[in-house]
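**Student:** Before anything else, here's the structure in question.
The values are calculated or read from the model by the stated rules, or taken from the named source; none is laboratory data. Here the structure is a predicted model, which is why all the values come from computation and not from measurement. Cβ placement follows ideal geometry from the backbone for every residue including glycine, while neighbour counts extend to all protein chains displayed.
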Amino acid sequence: MTTPTLTSYDCGHSSYQAGAHTPNGRHICRDCAEREEYANFMADTRELQRDKGAFFCYLSNDERELTTWTGYKLAQVTALWSQRVGFGYHTHRWYFNAVDAMGRKWYGTSAGRGMYARARLAKS
């Protein structure tokens, strides 16, 4: 059995939990990563999306929420449906509509419950 290691992160915190690497190369704790990801999602992301495309998140296991990698709720899923894709094999792509806490509408795709999702802010 291995002993957990206390890690000091660039955000100034220390933790026994795994941290996250940010796009600018910082290694931050799980709590700071969750807050940073939520802040990025809630910011006006149209400029961000113009440059980078979609916001990456997760479809919750109960298929009712879009979440961060730690499970923090970003938006409520309002519609979810699947469509068979590919030729000669059984694969489904899940499509969703969602609404965040500010009332903004999102749409996107996922591989299914608990899986990675790509969300885009709908035009208003």
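**Student:** What single numbered condition from (1) assigned to a strand (DSSP E or B); (2) at pLDDT below 85 fails to hold for residue 47?
**Tutor:** Checking residue 47 against (1) assigned to a strand (DSSP E or B); (2) at pLDDT below 85, the one that fails is (1).
**Student:** Tell me, yes or no, whether the range 70-92 has at least one residue that is modelled with pLDDT under 90 and of a type in the set (Lys, Arg).
**Tutor:** Within the range 70-92, one or more residues are modelled with pLDDT under 90 and of a type in the set (Lys, Arg).
**Student:** Sticking with this structure for a sec: Taking the residues in the range 76-117 that are touching a residue at least 12 places away in the same chain (Cβ under 8 Å) and of a type in the set (Val, Ile, Thr) as candidates, determine which candidate is nearest to residue 63 (Cα to Cα).
**Tutor:** From the range 76-117, those touching a residue at least 12 places away in the same chain (Cβ under 8 Å) are 76-83, 92-102, 104-117; that's our starting set.
When the remaining residues are screened for being of a type in the set (Val, Ile, Thr), the result is 77-78, 99, 109.
On the way: 77: 7, 78: 10, 99: 14, 109: 12 Å.
Here the answer is 77.
**Student:** Step by step: first the residues of the range 78-124, then only those that are among the polar types (S, T, N, Q) and over 17 Å from residue 67 (Cβ atoms), then the one that is surrounded by the fewest Cβ atoms within 10 Å (Cβ to Cβ). Which residue is that?
**Tutor:** Step by step, filter the range 78-124, then rank; the result is 124.
**Student:** Next question. If I go through the range 79-105 residue by residue, how many of them are part of a strand (DSSP E or B), out of contact with any Ser or Thr (no Cβ under 8 Å at 6 or more places or on another chain) and not hydroxyl-bearing (Ser, Thr, Tyr)?
**Tutor:** So the answer is 5.
**Student:** Going residue by residue through the range 3-23, is there one that turns out to be assigned to a helix (DSSP H, G or I) and over 18 Å from residue 54 (Cα atoms)?
**Tutor:** no
**Student:** Take the range 16-34 and flag every residue that is under 25 Å from residue 113 (Cβ atoms) and either out of contact with any His (no Cβ under 8 Å at 6 or more places or on another chain) or at pLDDT below 80 (or both).
**Tutor:** Passing the criteria: 17, 18, 30, 33, 34.
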